[in-house]
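Reading through the structure tokens given below for one structure.
The values are calculated or read from the model by the stated rules, or taken from the named source; none is laboratory data. Just so it is clear, the structure is predicted and the values come from calculations on it, not from any experiment. In this analysis, Cβ positions are derived from the backbone assuming ideal geometry, glycine residues included, and neighbour counts consider all displayed protein chains. These accessible areas exclude ligands, DNA and RNA; they are computed on the full protein's heavy atoms, side chains included. Shrake-Rupley method; radii C 1.70, N 1.55, O 1.52, S 1.80 Å.
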Amino acid sequence: MKKIIAILVVLMFPMRSMASEADLVIPDAIKDQSILYWGFLITIAGLLFGFYQFVQVKKIRAHQSMLDVAQVIFETSKTYLIQQGKFIIILFAFIGTAVAFYFGVLSGKDVINPETGITHFEHAFGIGGVLMILGWTVLGILGSYAVAWFGIRMNTLANSRMAFASLERKPIKLLNIPLNAGMSIGVVLISLELLLMLVILLFVPGEYAGASFIGFAIGESLGASALRIAGGIFTKIADIGSDLMKVIFKIGEDDPRNPGTIADCVGDNAGDSVGPTADGFETYGVTGVALISFILLAITDTALQTQLLVWIFVMRILMIITSIVSYWINGAITKAKYSKVDELDFEIPLTTLVWITSILSMVVTFVASYFLISDLGNNLWITLSVIISAGTLGAALIPEFTKLFTSPKSTHVKEVVEASKEGGASLNILSGLVSGNFSAFWLGMVFFFLMFVAYYASTYGLGDIMIYPSIFAFGLVAFGMLGMGPVTIAVDSYGPVTDNAQSIYELSLIEEDIEAITPEIERDFGFTPDFEKSKYYLEANDGAGNTFKATAKPVLIGTAVVGATTMIFALILVIEHSLGIKPEQVLNLLNPYTIFGFLLGGAVIYWFSGASIQAVTTGASQAVAYIKVNINLDPDAPKKADVEKSKAVVKICTQYAQKGMLNIFIAVFSFALAFAFFSAPTGIVEGMSEADLLLAAAPVSLFVSYLISIAFFGLYQAIFMANAGGSWDNAKKVIEVDMKEKGTDLHAASVVGDTVGDPFKDTSSVALNPIIKFTTLFGLLAMEIAISPSFREMAPYFGIGFLAIALYFVYRSFYKMRINS
């Protein structure tokens, strides 16, 4: 493997290239904008808010039996995360080399000595500059890794507290504990991200700041890709291995004797906590870097650049405040309405929080824009506010449309239940596929509406201050979606806590001796436990958790796709500047290379979906084989979890997660390089006619359309898979909670559907988000090398080599990952 990595690095950078990233210079005037320095106070306050929430959750008392189980889950999760950290170091070994070689050797320009007339190559960055960029790449990785650590610690504190609170018969506590934990994670994540970006903007020298932003984004993308993809594979191996025991041995949910139960709890954190927090950190950062790059490349007036950069960052700072204020408002409403109720629809307060945040954010957008950019002319402050608000509205609309297909109360989920009654697992699966397909259609309509609003608004004067105004508008839509980022992350983080809480309740064995435990709880905690109602609360709240995990997925994937269109803009400018042609002359549907790129992008998306599910399938088969041999169902045996056997299952999950991740990562990496090099314009010579130049430049369209294809095929594939999986998951929940049909043939059919949906919604779909962004970021780098004059003639030959490497790892992703291979 080390040899393969070395070959990748050496082959990747054979010649110097023209690098637009090196030309991203932040105006010096930005450092004189005193308003931005207040951002440090806001972000530090945000971090303090997050840690205050952390302490408040930690202070909640719970029975020791539940705290002990939660600690086992955390310690096992910690072992997994440390192992993933070591894996990321391996990946950074060649990504870091690539970044260093690119900025240290390739970036620069030819300079003519006025005295001698001799041309020499002048590097854009010295050793110190390259080390600075590498340092920010490392900080990007560490940022993703740090928020993953924080998220997993927060959730493993909240899960046991929620499990115990269910006994008190106060459902508002079961709402507040996971929501407080989620807000802690969301605010810390966004505040840390913004703090680091403000440091780059205000304290890194302008000539290095743009490249530092790029390095930071690459680091975030690498960390998030590894944690999201591997975490998604891990969690579903454990989940399927645990769930199938219910069908095979007819045992209950989260039976402590099942070695897969603790592994499943670890997987909930690996896939639903570690992955989403790292992914959210990366999404927020990469989208910001895309907008910064656009402003610097599309606008030549440095004063205007400065004004728009200040506007962008102030808007981000204010969104931390609006999210926290919305959370407080929603908390007051919830307390007034539900503090004394015995029944609670957990989805209602979460939905209210999303809408309050969206509306307040839109109001703040218009007010802040008026004070910051009202002098731009043509009422551009209104235009820009409308575009951002379209994204912010989308962040509330998308969850509503998603719930139509994934909520336990939705018609589509009810249809899955009815199909299961009539035709068992077969019709259950077919009905879930229908739900996923319909959801992709309707959410596609929502994205079309949002982007059309952005485009239409951009026609009102935005073209007077920049080129390609619609591209900037699309980026602002993604920016608006992330404007309520803390709340989006909070409702997403709600799910793993509710899921773990059920397992902890069962694993604690608190019901084994009710007669003894009841007076103990009355004495130590001051209330009489209601064991029957507690399970109902936990399962009902888990249904809400499933729904809101599902609602966050399309928001994050949507920002990746919409943001990718802005990042691709940098590549379009490179083509224009390097080849001296208008991009629209070759980037069109009449160019056959455009069609080739669309075909290739779709092919890679479908391979990725299959490869990630294959890793889950093979890993789950190994986990099932181990559990079947090692599960102890002897009636006389103690009904408690065997920690050593559970760790063995975790080891199996980790092993196959990393195998699958390695195959996928190297293939995606190599495909980007191969298709970029195939797009190199060959045969260009001075003095050739315009017609011949356009013919020679035609291949560059292949890679641009490849990136667009990856984004849009990925969007629909991710939405389809996520919502099909969500409908299967909550159909099972309806059968368990509302119909009380556990242990029946109907329940078994729903479990089969749910295990099909597990890798759909929590492996393939969610991992497409970082895959899209990593491919776009790294692809831009590759394409710049491919079209450089000194390398373009040789590029297709190197492309053949990288394609061979990619196809080999595609081969490995199935034939070396087969069951019992």
(request) Return yes or no: is MET817 part of a helix (DSSP H, G or I), closer than 27 Å to ILE95 by Cβ and in contact (Cβ under 8 Å) with a residue 40 or more places away in the chain? (result) no
(message) Just to verify a result, which residue in region 624-647, among those that are part of a helix (DSSP H, G or I) and charged (D, E, K, R), is least open to solvent (accessible area, probe 1.4 Å)?
(response) LYS645
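Per-residue answers, yes or no, for (1) among the aromatic types (Phe, Trp, Tyr); (2) touching a residue at least 24 places away in the same chain (Cβ under 8 Å); (3) within 23 Å of PRO399 (Cα to Cα); (4) open to solvent by less than 40 Å² (accessible area, probe 1.4 Å):
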site: PHE712; (1), (2), (3), (4): yes, yes, yes, no
site: LEU715; (1), (2), (3), (4): no, yes, yes, yes
site: VAL734; (1), (2), (3), (4): no, yes, yes, yes
site: LYS740; (1), (2), (3), (4): no, no, no, no
site: ALA795; (1), (2), (3), (4): no, yes, no, yes
site: GLY799; (1), (2), (3), (4): no, yes, no, yes
(message) Of everything in region 591-614, what is under 22 Å from ILE684 (Cα atoms) and either part of a helix (DSSP H, G or I) or under 20 Å from the mean Cα position of the chain (by Cα) (or both)? Give them in sequence order.
(response) PRO592, TYR593, THR594, PHE596, GLY597
(message) If I ask for residues that are in contact (Cβ under 8 Å) with a residue 60 or more places away in the chain and among the charged types (D, E, K, R), which ones from region 525-571 would you list?
(response) ASP530, LYS533, LYS535, GLU539, ASP542, LYS549, LYS553
(request) Determine if region 143-161 includes at least one residue that is among the charged types (D, E, K, R), open to solvent by 10 Å² or more (accessible area, probe 1.4 Å) and touching an Asp or Glu at 6+ places or on another chain (Cβ under 7 Å). (result) no
(message) Quick check on region 458-465. Is at least one of its residues within 22 Å of LEU556 (Cβ to Cβ), open to solvent by less than 70 Å² (accessible area, probe 1.4 Å) and out of contact with any Pro (no Cβ under 8 Å at 6 or more places or on another chain)?
(response) no
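Just checking, which of THR322, THR306 is surrounded by 23 or more Cβ atoms within 10 Å (Cβ to Cβ), assigned to a helix (DSSP H, G or I) and out of contact with any Lys or Arg (no Cβ under 6 Å at 6 or more places or on another chain)?
Being surrounded by 23 or more Cβ atoms within 10 Å (Cβ to Cβ), assigned to a helix (DSSP H, G or I) and out of contact with any Lys or Arg (no Cβ under 6 Å at 6 or more places or on another chain) holds for just one of THR322, THR306, which is THR322.
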(request) Kindly establish whether ILE388 is in a helix (DSSP H, G or I) and either surrounded by fewer than 23 Cβ atoms within 10 Å (Cβ to Cβ) or without any contact (Cβ under 8 Å) to a residue 40 or more places away in the chain (or both). (result) no
(message) Looking only at region 499-537, count every residue that is under 19 Å from GLN64 (Cα atoms) and either among the aliphatic types (A, V, I, L, M) or in a helix (DSSP H, G or I) (or both) and tell me the total.
(response) 25
(request) Output the residue which, of all residues in region 131-171 that are in a helix (DSSP H, G or I) and among the charged types (D, E, K, R), is farthest from LYS340 (Cα to Cα). (result) ARG153
(message) Just to check your reading of the model, which residue among THR357, THR402, THR351 is open to solvent by less than 20 Å² (accessible area, probe 1.4 Å), of a type outside the set (Phe, Trp, Tyr) and over 17 Å from THR559 (Cα atoms)?
(response) THR357
(request) For region 669-679, state whether one or more residues are open to solvent by less than 10 Å² (accessible area, probe 1.4 Å), touching a residue at least 60 places away in the same chain (Cβ under 8 Å) and not in a helix (DSSP H, G or I). (result) yes
(message) Looking at SER727, SER764, SER705, SER709, can you tell me which residue is in a helix (DSSP H, G or I), among the small types (Gly, Ala, Ser), in contact with a His (Cβ under 6 Å, 6 or more places away or on another chain) and modelled with pLDDT of 90 or more?
(response) SER727
(request) Pairs only if they're at least six apart or on different chains, beta carbon under 8 angstrom, first in region 439-463 and within 14 Å of ALA722 (Cβ to Cβ), second open to solvent by 80 Å² or more (accessible area, probe 1.4 Å) and not in a helix (DSSP H, G or I); list them, first residue then second. (result) none
(request) Could you check ASN588 against (1) open to solvent by 40 Å² or more (accessible area, probe 1.4 Å); (2) touching a residue at least 24 places away in the same chain (Cβ under 8 Å); (3) part of a helix (DSSP H, G or I) and say which number it fails? (result) (3)
(request) Select, from ILE666, ILE652, the only residue that is open to solvent by less than 10 Å² (accessible area, probe 1.4 Å) and part of a helix (DSSP H, G or I). (result) ILE666
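Please determine, by comparing only the residues of region 49-101 that are in a helix (DSSP H, G or I) and charged (D, E, K, R), which one is farthest from LEU139 (Cα to Cα).
My answer is ASP68.
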(request) Would you mind stating whether THR551 is within 24 Å of PHE720 (Cα to Cα) and at pLDDT below 85? (result) no
(message) Show the residue pairs meeting these rules: Cβ distance below 6 Å; 6+ apart or different chains; first residue within region 341-352 and among the hydrophobic types (A, V, I, L, M, F, W, C); second residue part of a helix (DSSP H, G or I).
(response) LEU344/PRO171; LEU344/TYR338; PHE346/LEU175; PHE346/ASN541; PHE346/ALA544; LEU350/VAL491; LEU350/PHE548
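Of the residues that make up region 163-172, is at least one closer than 27 Å to GLY46 by Cα and either open to solvent by 10 Å² or more (accessible area, probe 1.4 Å) or under 19 Å from the mean Cα position of the chain (by Cα) (or both)?
Yes, that holds for at least one residue.
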(message) Looking at region 376-383, can you tell me whether even one residue there is over 25 Å from the mean Cα position of the chain (by Cα), of a type in the set (Ser, Thr, Tyr) and within 30 Å of ALA731 (Cβ to Cβ)?
(response) no
(message) Where the second residue is at pLDDT 85 or above and not in a helix (DSSP H, G or I) and the first is open to solvent by less than 10 Å² (accessible area, probe 1.4 Å) and lies in region 762-791, which pairs have Cβ atoms under 7 Å and are six or more apart or on separate chains?
(response) MET783/SER679; ALA786/SER679; ALA786/ALA680; ALA786/ARG792; ILE787/ALA680; ILE787/PRO681
(request) Could you identify the single residue in GLY423, GLY432 that is open to solvent by less than 50 Å² (accessible area, probe 1.4 Å), over 30 Å from ARG161 (Cβ atoms) and without any contact (Cβ under 8 Å) to a residue 12 or more places away in the chain? (result) GLY423
(request) Could you please tell me which pairs satisfy a Cβ distance under 6 Å, a separation of 6+ or placement on different chains, a first residue in region 57-71 that is under 20 Å from ARG523 (Cβ atoms), and a second residue that is open to solvent by 20 Å² or more (accessible area, probe 1.4 Å) and modelled with pLDDT of 95 or more? (result) ILE60/ARG161; ALA62/ARG161
(request) Consider ALA98 carefully, then state whether it is surrounded by 15 or more Cβ atoms within 10 Å (Cβ to Cβ) and at pLDDT 95 or above. (result) no
(message) Quick check on region 199-206. Is at least one of its residues aromatic (Phe, Trp, Tyr), farther than 15 Å from SER493 by Cβ, open to solvent by 10 Å² or more (accessible area, probe 1.4 Å) and in a helix (DSSP H, G or I)?
(response) yes
(message) Can you tell me how many residues within region 514-538 are among the small types (Gly, Ala, Ser) and open to solvent by 40 Å² or more (accessible area, probe 1.4 Å)?
(response) 2
